[in-house]
Each structure stands twice: as structure tokens, then as C-alpha cells.
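As C-alpha cells, the structure follows; a few thoughts come after it.
The values are calculated or read from the model by the stated rules, or taken from the named source; none is laboratory data. Values in this document were obtained by computation on a predicted structure and should not be read as measured data. Every residue, glycine among them, receives a Cβ derived from its backbone with ideal geometry; neighbour counts consider all protein chains shown. Heavy atoms of the whole protein, side chains included, go into the accessibility calculation; ligands, DNA and RNA do not. Shrake-Rupley method; radii C 1.70, N 1.55, O 1.52, S 1.80 Å.
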Amino acid sequence: MTKKFIVKGAIFILAYNCEPQLKRVISSLNKKADLLIDKGWESIYFVNNKSKDKTLSTMQDSLKELKNNKFNCAIINNHKNYGLGGSHKVSFYAAQKFKFTHACIFHGDDQADLNDLIDIPEKLYKNDCILGSRFSKGSKLNGYSKTRIIGNLFFNMLFSVVLKRKIYDLGSGLNIFSEKVFKDKKIVLFPDGMYFNQSLLILIAKYYSYEYFPITWSEKDQVSNVKNFKMGIDTLKNLFSEKLKIGLSNRSLYNKFDEYTFDLIK
């Protein structure tokens, strides 16, 4: 067995209506249990964002099996649909509450690969954030259209210019945050929807150390409701509005994480 990292890490698996994909993620967790635990990722939290399919029951069915594989695991069942950003906030609040040193945010739609989490070099943990990139050297994209690749590369370049720091991905489904980051009260100001990742990235670029690592990304049976043109326009707006917001005084900031309520199912 390899040496454990000096972390108390929790993997937060965010899920909304992704029952078939989540089953594959759970299967992968069981197969890789020893490797993940050996790296310090001993705790698994499923975050169910008010799914309308059988996502919650799939999570519940998996708890005993995951515990048999020596994971500490539980379900965070959101009281409302808080959106992608809101589920991040719930995860960060839980990471604070349960005193983890690191939180890995992993999307339950099975587009990212848990092998990439296992393979992260220990030296990267000196950073405040370790961010998965679909567009770095060594990354692998399966089923991703050339149009979307070009669009992402354009926005990566634009964010790099505006933020004056190299950006390789605006937000993938596999990222690691230290407690220094997930305790930042500014995060409660960010949108609860899909643009949360961009706002968080602007915050990170301004205040924190980070490093990207290449990931494998696959699109199979996932369903996306994203309208690419509208998303592009909104991304431009978000870049400049959040950059301004983050530069404001802290006088209006207070801890509102506890407003994102949930049930904890063990």
C-alpha cells in the first residue's frame, strides 16, 4: 500500500436526475475503494439535489455496500433544488461542519473518471485548489464535439487575459478544495445555478493558489439542457460582474451557508 496523504478528505458526489450514471459511479467507487481510502479519501457524501427520478433510492441502496468497503458514507438530501452552485455550497458547508481538510467535488453524471483523483501527484496538494482540466496536455475527451472544444478554449483564453492567470478549464466535474477555500464567506454571494463554477474560479484566481491536472471526460448518455449561445453570452456577463463583486468590501458578507438546509441520511 502506498503512503496516505496527510488529509482528512471527503468526496461530495453531486447528483440531479442521474440514476443510470450514478450506478456506474457507485460501481467505480466500490472497485477503487482501497486506492481511494489509501489516498485519504475515506468519506463519501452523496448530495441529492431534489431529484425526480430514483437517484435517492439508488444512493440509499448503495450505502451498505460502500460501508462494507470501509468508506464512511452518508446522503445529503437537499430540502430544495438549490442548483449546481447551491449543491456546492451545501457540500462546502458540510465539509466545514464535519471538519474535513479537503473536499473533492465530483459530478454524479459519470463524465469524469475517479482514476484521475487517485493519480493526482502528492506535490499538487501544496495548493489551495487542485482543478481538473478537460483541455490540458494529457487530457482525454470522449464524445465531445469540436464546436464545444473551440468554444471552451476561447473562453479559457479570455478568462486568462482578464484574470491575468492561466486558466485551462472554467469548471469540470472533478475539483479539490482545501478548507482555506471552502470556508471563504464570499462564496455565499455566488449564483446557485451553473455559473457558480465561473464565479468560484474568479475568486480562486484572485486570492488562492491553484494548479490544474489533466482528466478524462466522456459524454455517453448524459442529458444536457445547456443552450450554448445563451451560455456564451451569460459567461461574458458573469466574468465581469463577478470580478467586480469579488473586489467589493467585505462589509456585506456573513455566513449564510446554513440557509441551504438538508437531511443527513446515514
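Can you list the aspartates and glutamates whose alpha carbon is less than 14 Å from that of LYS39, not counting same-chain residues fewer than 8 positions off?
The qualifying aspartates and glutamates are ASP116, ASP119, GLU122.
What ³J(HN,Hα) values, in whole Hz, does the Karplus curve 6.51 cos²θ - 1.76 cosθ + 1.60 give for the range 44-58 when θ = phi - 60°, with x put for Gly and Pro?
Using θ = phi - 60°, the values come out as 10, 10, 7, 10, 8, 9, 6, 4, 9, 9, 9, 4, 5, 5, 5 Hz.
Check PHE262: other-chain or 5+ apart residues with amide H under 5 Å from its amide H, H built from backbone geometry?
Correct list: HIS79.
Convert each backbone phi in the range 208-215 into a coupling constant with the Karplus relation 6.51 cos²θ - 1.76 cosθ + 1.60 (shift: θ = phi - 60°), then list the ³J(HN,Hα) values in order as whole Hz, x for Gly and Pro.
Couplings: 10, 8, 8, 8, 8, 9, x, 10 Hz.
Just add up the charged neighbours of THR101: K/R +1, D/E -1, any other residue whose Cβ is under 9 Å from the Cβ of THR101.
Overall, the nearby charge balance is +1.
From the Cα gyration tensor of the chain, with a ≥ b ≥ c the square roots of its eigenvalues, which class applies: rounded if a/c is under 1.5, or else prolate if a/b is larger than b/c, or else oblate?
Because its axes are fairly even, with a/c under 1.5, the chain counts as rounded.
Leaving out ligands and nucleic acids, note down the accessible area per residue over the chain with a 1.4 angstrom probe, in whole Å². If you can, show how the numbers build up before the last one.
Details: 12960 Å² over 266 residues.
Spelled out: the 1.4 Å probe surface of the chain, per residue, equals 49 Å².
Springs between alpha-carbon pairs under 10 angstrom, Gaussian network model over the chain: which of ASN78, ASN69, ASN142 fluctuates most?
ASN142
At a 1.4 Å probe, what is the % contribution of carbon and sulfur to the accessible area of the chain?
54
Compute the acute angle (0 to 90°) between the alpha-carbon long axis of helix 83-97 and the principal axis of greatest extent of the alpha-carbon atoms of the chain; round to the nearest 10°.
60
Relative to the longest principal axis of the C-alpha atoms of the chain, give the angle of the C-alpha long axis of helix 228-246, reported between 0 and 90° and rounded to the nearest 10°.
80
By the gyration tensor of its Cα atoms, with a ≥ b ≥ c the square roots of the eigenvalues, what is the shape of the range 1-104: rounded for a/c under 1.5, prolate for a/b over b/c, or oblate?
Cα axes put the range 1-104 in the oblate bin.
Using modelled backbone amide H atoms (1.01 Å from N, in-plane), which distant-in-sequence or interchain residues come within less than 5 Å of ASP113's amide H?
For ASP113, the qualifying residues are THR216.
Which stretch or stretches of the range 115-156 have amide N atoms under 12 Å from the point lying 7 Å from SER209's Cα along the Cα→Cβ direction?
Correct set: 123-130.
Just flag the chymotrypsin sites (Phe, Trp or Tyr not before Pro) in the range 1-86 sitting in loop per DSSP whose Cβ has no more than 16 other Cβ atoms within 10 Å.
Within the range 1-86, the qualifying chymotrypsin sites (Phe, Trp or Tyr not before Pro) (loop, at most 16 other Cβ atoms within 10 Å) are PHE5.
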